[in-house]
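What follows is calculated from the coordinates using simple rules that are stated; it is not laboratory data. The model shown is predicted, which means the values in this text are computed figures rather than measured ones. Note that we place each Cβ from the backbone using ideal geometry, even for glycine, and neighbour counts take in every protein chain shown.
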Amino acid sequence: MGMETYIQVLKNNRLKVTPRRKAIIGVFMKHGVRMGPYELYEKLKRKLPKLGLPTVYRILEELKDAGILVQSLAEDRRLRYALCACPDEHHHHFTCRKCKKVEEVEFCNFNGLSSFIEKNLNAKVESHNLQIEGLCARCR
Ligand SMILES: [Zn+2]
Ligand SMILES: [Zn+2]
Ligand SMILES: [Zn+2]
């Protein structure tokens, strides 16, 4: 997915296409890995000297709410973000714990688990969230 598509997603979510938002998306497009606010701040501070860390936090949350980024919890229990190529369809992501590359997993087989929960807990399942990690094809 190119920058034009992400710009369209920003517009669809009534978020202004600002140089800061574009720059953050650009860093994710360039690296293809998951990153935390501080890593982004470090990569952008020369290009955008007025950009503060709190703004980076805020933009990451905005982009997450728009579906452009997905959030996960790293080993240090801190939040990381990664770019999502297909914000509209339900799917999952695979993260390599070694090189931090994030790949799209356009598949979900949750139904069996969902039925089990509904039957055994007599509950109604409304959403789920999977954090899948391991070693990518290059790192394994
Ligand atoms: Zn995705
Ligand atoms: Zn890897
Ligand atoms: Zn799923």
Exercise. If the label point is 7 Å along Cα→Cβ of N120, which residues in the stretch 91-113 have backbone nitrogen under 18 Å from it?
Worked result: 109-113
Problem set entry | the chain, relative contact order in percent, only Cα pairs under 8 angstrom and at least six apart counted | 20 percent
For this session: As a check on your grasp of the helix formula, calculate [θ] at 222 nm for the chain: sum -39500 (n - 2.57) over DSSP H runs of n ≥ 4, divide by the residue count, round to the nearest 500.
Result: -12000 deg cm²/dmol
Exercise. Tell me, K16, K11 in order of fewest to most beta-carbon neighbours within 10 Å?
Worked result: K16, K11
Problem set entry | Label point distance in nm, E75-K45, each placed 7 Å from Cα along Cα→Cβ | 2.5 nm
Seminar exercise, completed: Taking alpha-carbon centroids only, the stretch 103-120 lies from the stretch 1-59 a number of Å equal to 32 Å
Seminar exercise, completed: If every Lys and Arg gets +1 and every Asp and Glu gets -1 at its Cβ, then about the Cα centre the chain yields a dipole, in debye to the nearest 20, of 880 debye
Problem set entry | Efficiency of FRET from Cβ geometry, D88 and L135, R₀ 25 Å, rounded to 0.05 | 0.30
Problem set entry | Exposure proxy ranking, count of Cβ atoms within 10 Å, fewest first, for R21, R77, R97, R34 | R77, R97, R21, R34
Exercise. Count the lysine pairs in the chain that are 8 or more places apart or on different chains: how many have C-alpha atoms under 13 angstrom apart?
Worked result: 5
